[in-house]
Amino acid sequence: MTTLQKIEYSLLSKSWKNVPLIKSVNITANSGQFSVLCGKNGTGKTTLLKIMTGLVCPDQGQINLNQKKLSWKQARRYLIQHTLYLHQTPYMFNGSVYRNLKLSLHQRGHSTAPQQRIEEVLKSADLDQFKHQTAKTLSGGQQQRVALARASLNDCSFLFLDEPTANMDTASVTRTLDFLRELKRKGTSILVCTHTPETFDGLLDRMLVLENHVIHEQ
Amino acid sequence: MLSLTDATLDALHLLISGDSELWEIIGISFRVSGTAILISAPLALLTGFFLAYFEFPLRRVLISLFNTLLAFPAVVVGLVVYLMLSNQGPLGDWKLLFTQTAMVIAQSILCIPILISMGHSAFQAADQRVWETARTLGKTPVAAFFVVVNEVKFGLLAALFAGFGRIIAEVGASMMVGGNILHYTRNIPTAIALETSKGNFAQGIALGLVLLLLAFFLNATLHYFQGKGSLNH
């Protein structure tokens, strides 16, 4: 498949122990587009993001990649390769910040990538002074920055973030927004799940609301 | 009868002088138990991983079953393997009874529940985000599995050491299916039982010391790596 430009998710449904989380949701992710997804707690936003990134299998649904209809099994492979999901509280692997970034480089054929690439990302994320520090000992905001740096090294075309600015101070929010702006400029499609959509006003292309298991565009 | 002090001194002398019979028994013990661990660990740890990370029918029943098997007496395992491998048993044609292979089979059966149960606990200690992060970074399922293994390696190491500790020190199953044959299936615990019944305490104590030293070595190794891990996290 050529470069992934557009992912269409149709009629996605998912239940948990017979409780519906999302019902027949239709959503599209376009290359270079910045979207914000809002909704009350427990409406299934995180589940939707995990389905969109291939981490969770929907009960029903159809996925079109570049307008080509694929089965879930086929689509999942592409979703894992081309999309990236960032947890609200990102997981830091054992070891240093540098090792965490290196693990991301390994994934998409960058195992021989120059150390310089990591150094550049460390610098742009203002993490170079933490390079050798154990990632798990960093503060929540710093870990979020490591996760974003890891994402930017990963070369994914579609980035899905779950509450990326929750519990961040103003300086960290600004730094994160700059980082996302740069990714958008490079053509990465970004979907942010948040309770504070106004934070992303300068970047926003599209605002979505998940309500009563269904998505509305505003 | 020798006093405990005399017997211990004799035991140390046997160990230091390199008594060939004694060291042969030690070698058989390590070979049999090491093989049993090597054979059972991959399957058992993979099972622990699936139990921790995936939902499937009868998952909870399996967890309870493996936890129950932790209390399975070694002699009962020995009895079952004996019945399977004896001439009248379904696997009698394989002529494995009273061989080291029979001991490996029995010891594998004994350590599998320990490895699964402790492996499951170790994998469970790492939350779902480890797997999800590895996968979303583009790792294949196999590569993601090894990322998770790296995150919980100390727990898995503890499982391996506990399993090895249990089987190298068990006497019942080894005695029943190995037959305690000198130069072939006599291992440390069966030798201790035999030498004690003969009143030869020195060799019994010497072998007991080896088991104690082994336990100390395994614990010290685990603590060393855990300590190193906590410094680097």
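Which ³J(HN,Hα) values in Hz, rounded to whole numbers, follow from the phi angles of the stretch A:138-154 under the Karplus curve 6.51 cos²θ - 1.76 cosθ + 1.60, where θ = phi - 60° and Gly and Pro get x?
Per residue, the Karplus-derived 3J(HN,Hα) values read 6, 6, x, x, 5, 5, 4, 5, 4, 5, 5, 5, 4, 5, 5, 6, 6 Hz.
Taking a point 7 angstrom from the Cα of A:H195 along the C-beta vector, which residues in the stretch A:34-56 have backbone N less than 19 Å away?
Within reach of a label on A:H195, which here means backbone N under 19 Å from a point 7 Å along Cα→Cβ, the stretch A:34-56 contributes A:36-49.
In percent, how large is the relative contact order of the stretch A:1-150, given Cα pairs closer than 8 Å and 6 or more residues apart?
20 percent
Give me a single rounded figure for A:77-89: the average over its residues of other chain Cβ atoms within 10 Å of their Cβ.
Across the residues of A:77-89, the mean count of other-chain Cβ atoms within 10 Å is 3.
If you take the charge dipole of the stretch A:23-118 about its Cα centre, with +1 on Lys and Arg Cβ and -1 on Asp and Glu Cβ, which of A:L86, A:V56, A:A75 is farthest toward its positive end?
Projecting each Cα onto the dipole axis, the largest value belongs to A:A75.
Against the longest alpha carbon principal axis of chain A, how many degrees, from 0 to 90 and to the nearest 10, is the axis of helix A:115-124 turned?
Once rounded, the angle reads 80 degrees.
Relative contact order, percent, of chain B when contacts are C-alpha pairs under 8 Å separated by at least 6 residues?
In percent, rounded to a whole number, it is 30.
Expressed as a whole number of Å, what is the distance separating the alpha-carbon centroids of the stretch A:1-41 and the stretch A:152-218?
If we compute the Cα centre of each part, the gap is 15 Å.
Once amide H atoms are built 1.01 Å from N in the peptide plane, which residues 5 or more positions from A:L37, or in another chain, come under 5 Å H to H?
Those qualifying (amide H under 5 Å, at least 5 residues apart or on another chain) are A:V192, A:C193, A:T194, A:L208.
Enumerate by residue number the trypsin sites (Lys or Arg not before Pro) in the stretch B:145-227 meeting two conditions: DSSP loop (anything except H, G, I, E, B), and at most 14 other Cβ atoms within 10 Å of the site's Cβ.
When the trypsin sites (Lys or Arg not before Pro) of the stretch B:145-227 are filtered for loop state and at most 14 Cβ neighbours within 10 Å, B:K198 remain.
For a quick size check, give me the Cα extents of chain B along its three principal axes, largest first, whole Å.
Here the Cα extents, ordered largest to smallest, are 67, 51, 25 Å.
Report the antiparallel proportion of the DSSP beta bridges in the protein assembly as shown as a percent, rounded to a multiple of 5.
Taking every DSSP beta bridge with both residues in the protein assembly as shown, the antiparallel ones total about 55 percent.
Measuring from label point to label point, each 7 Å out along Cα→Cβ, what is the B:D6 to B:S20 span in nm?
Distance between label points: 2.8 nm.
Please report, as a whole percent, how much of the solvent-accessible surface of chain B comes from carbon and sulfur atoms (probe radius 1.4 Å).
71 percent
Among B:I192, B:V130, B:A74, flag the residue with its Cα farthest along the positive direction of the charge dipole of chain B, charges on Cβ as +1 for Lys/Arg and -1 for Asp/Glu.
With unit charges placed on the Cβ atoms, the residue in question is B:V130.
Taking amide H atoms as placed 1.01 Å from N in the peptide plane, list the residues 5 or more away in sequence, or in a different chain, whose amide H sits under 5 Å from that of A:I22.
A:K14
Compare the Cα positions of B:H13, B:V152, B:L97 along the charge dipole of chain B (+1 at Cβ of Lys, Arg; -1 at Cβ of Asp, Glu; about the Cα centre) and return the one farthest towards the positive end.
Checked the options; the winner is B:V152.
In whole Hz, what ³J(HN,Hα) sequence does the stretch B:96-104 give by Karplus (6.51, -1.76, 1.60; θ = phi - 60°), x for Gly and Pro?
So the Karplus estimates, Gly and Pro as x, are 9, 5, 6, 10, 5, 4, 4, 5, 4 Hz.
Please sort by residue number the chymotrypsin sites (Phe, Trp or Tyr not before Pro) in the stretch B:9-86 whose DSSP state is loop and whose Cβ has at most 11 other Cβ atoms within 10 Å.
Filter output for the stretch B:9-86: B:F54.
Nearest 0.05, what FRET efficiency do A:N26 and B:L70 give at R0 = 60 Å with Cβ-Cβ as r?
0.75
Express the relative contact order of the stretch B:78-120 as a whole percentage, based on alpha carbon pairs under 8 Å and six or more residues apart in sequence.
It rounds to 27 percent for the stretch B:78-120.
Along Cα→Cβ, 7 Å out, is where each label goes; now give me the distance between the ones at A:R117 and A:Q81 in nm to one decimal.
Roughly 1.6 nm, to one decimal.
Please work out the average accessible area per residue across the protein assembly as shown, using the 1.4 Å probe convention, and give it in Å².
48 Å²
Am I reading the A/B interface right? What is its buried accessible area, both sides, 1.4 Å probe, to the nearest 100 Å²?
1900 Å²
Enumerate by residue number the trypsin sites (Lys or Arg not before Pro) in the stretch A:180-212 meeting two conditions: DSSP loop (anything except H, G, I, E, B), and at most 16 other Cβ atoms within 10 Å of the site's Cβ.
In loop regions of the stretch A:180-212 (DSSP not H, G, I, E or B), the sparsely surrounded trypsin sites (Lys or Arg not before Pro) are A:K186.
With label points built 7 Å along Cα→Cβ from the Cα atoms of B:A143 and B:A125, find their separation and express it in nm.
Each label point lies 7 Å from its Cα, and together they span 2.7 nm.
Residues of the stretch B:103-138 losing 50 Å² or more of accessible surface, assembly versus chain alone, probe 1.4 Å, please list them.
Those residues are B:R129, B:E132, B:T133, B:R135, B:T136, B:L137.
The values are calculated or read from the model by the stated rules, or taken from the named source; none is laboratory data. Quick caveat, the model's predicted, so the values are computed rather than measured. Please note: Cβ atoms are built from the backbone with ideal geometry, for glycine as well, and neighbour counts cover all protein chains shown. Note: accessible area is taken over every heavy atom of the protein model, side chains too, but ligands, DNA and RNA are not part of it. Shrake-Rupley method; radii C 1.70, N 1.55, O 1.52, S 1.80 Å.
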